[in-house]
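Q: One structure is given below, represented as structure tokens, and several questions about it will come after.
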Amino acid sequence: MNYSYYINDFLENNDIYWCRCLVNRHFSYIIISDMYFIILHIIKENRQKGKMKFFLELNKLKNMKTFANEKKVNLIWEEDPLLKDIQYKQEIVFENTINLNEFNDKINKKKNKLFQLFTQFDDDEIRNSPSSILRMINYYEILFEKIKSKILEKINNNQKHDKDINDGLYFKNILIIYYKKALNLYCLENKIKEKFNERLMVLYSDKIIK
């Protein structure tokens, strides 16, 4: 994620479809393999390269709406089974209707082929995708801060807070796991790595939930 790739790296397999387009107003490459939908934002200094900004399994495509007159497609993805209310949306604009029709044909064929081959899908890999890891970090950071505030309020009011401590430890342990996943994921991005290292150290040194 956020690592730069040469577009040619994805074209060794003839079954992989790719195209140039605008994704949410960014010049991008879209790559569709037998399982994955991938977005690379084109790098201005070298248009043969792109930074990976999104990837997800094709079976997670929830809805696709085509606007032929505008040469545009809107995609909606269901990303994580724990967070049903969170969806990814993308507006994809093509240079011409030929590219639009080819894209629609390829993504539908690839998705249909998946559902013909498999009746069930394991979500473990989705949970470990870059986008899912960051979503889960944001989700559990909010829960962790809420439970900390609740515990501090009960301490100040001399109330029991044992159950809240247990809940807080649960959120804390999950956050430690996801921070470590993020560190492995962004090991090549020094600034991002430092950010998650700092968050991990703050979590380890927390004196309220320990």
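Q: Failed condition for residue 125, given (1) modelled with pLDDT of 85 or more; (2) assigned to a helix (DSSP H, G or I); (3) farther than 15 Å from residue 39 by Cα, with all others met?
A: It is condition (1) that residue 125 fails.
Q: Of (1) surrounded by fewer than 17 Cβ atoms within 10 Å (Cβ to Cβ); (2) out of contact with any helix residue (DSSP H, G or I) (no Cβ under 7 Å at 6 or more places or on another chain); (3) of a type outside the set (Lys, Arg), residue 28 satisfies all except one. Which?
A: So residue 28 meets the others, but not (1).
Q: Looking for whichever is in contact with a strand residue (DSSP E or B) (Cβ under 7 Å, 6 or more places away or on another chain) and either surrounded by 14 or more Cβ atoms within 10 Å (Cβ to Cβ) or not acidic (Asp, Glu) (or both) here; the options are 171, 94, 196. Which one fits?
A: That would be 94, the only listed residue that is in contact with a strand residue (DSSP E or B) (Cβ under 7 Å, 6 or more places away or on another chain) and either surrounded by 14 or more Cβ atoms within 10 Å (Cβ to Cβ) or not acidic (Asp, Glu) (or both).
Q: Considering each of 63, 8, 14, 69 in turn, give the residue that is at negative phi, in a loop (DSSP other than H, G, I, E, B), surrounded by fewer than 17 Cβ atoms within 10 Å (Cβ to Cβ) and free of Cβ contacts under 8 Å to residues at least 60 places away in the same chain.
A: 14
Q: Check the stretch 72-82 and report whether any residue there is at pLDDT below 90 and exposed (fewer than 15 other Cβ atoms within 10 Å of the Cβ).
A: yes
Q: Also, quick follow-up: Please identify the pairs in which a residue from the stretch 88-106 that is assigned by TED's automatic domain parsing to the domain that holds residue 76 and at pLDDT below 95 has its Cβ atom under 7 Å from the Cβ atom of a residue that is surrounded by 14 or more Cβ atoms within 10 Å (Cβ to Cβ) and part of a helix (DSSP H, G or I), counting only partners at least 6 apart or on another chain.
A: Qualifying pairs under 7 Å: none.
Q: OK, next. Determine whether residue 209 is more than 24 Å from residue 54 (Cβ to Cβ), surrounded by fewer than 18 Cβ atoms within 10 Å (Cβ to Cβ) and either modelled with pLDDT of 85 or more or under 21 Å from the mean Cα position of the chain (by Cα) (or both).
A: Taking the combined requirement at face value, the residue does not satisfy it.
Q: So residue 117 clears everything in (1) under 22 Å from the mean Cα position of the chain (by Cα); (2) free of Cβ contacts under 8 Å to residues at least 40 places away in the same chain except one condition, right? Which one?
A: (1)
The values are calculated or read from the model by the stated rules, or taken from the named source; none is laboratory data. All of these numbers come straight from a predicted model, not from anything done at the bench. Heads up, the Cβs are rebuilt from the backbone with ideal geometry, glycines too, and the neighbour counts pull from every protein chain shown.
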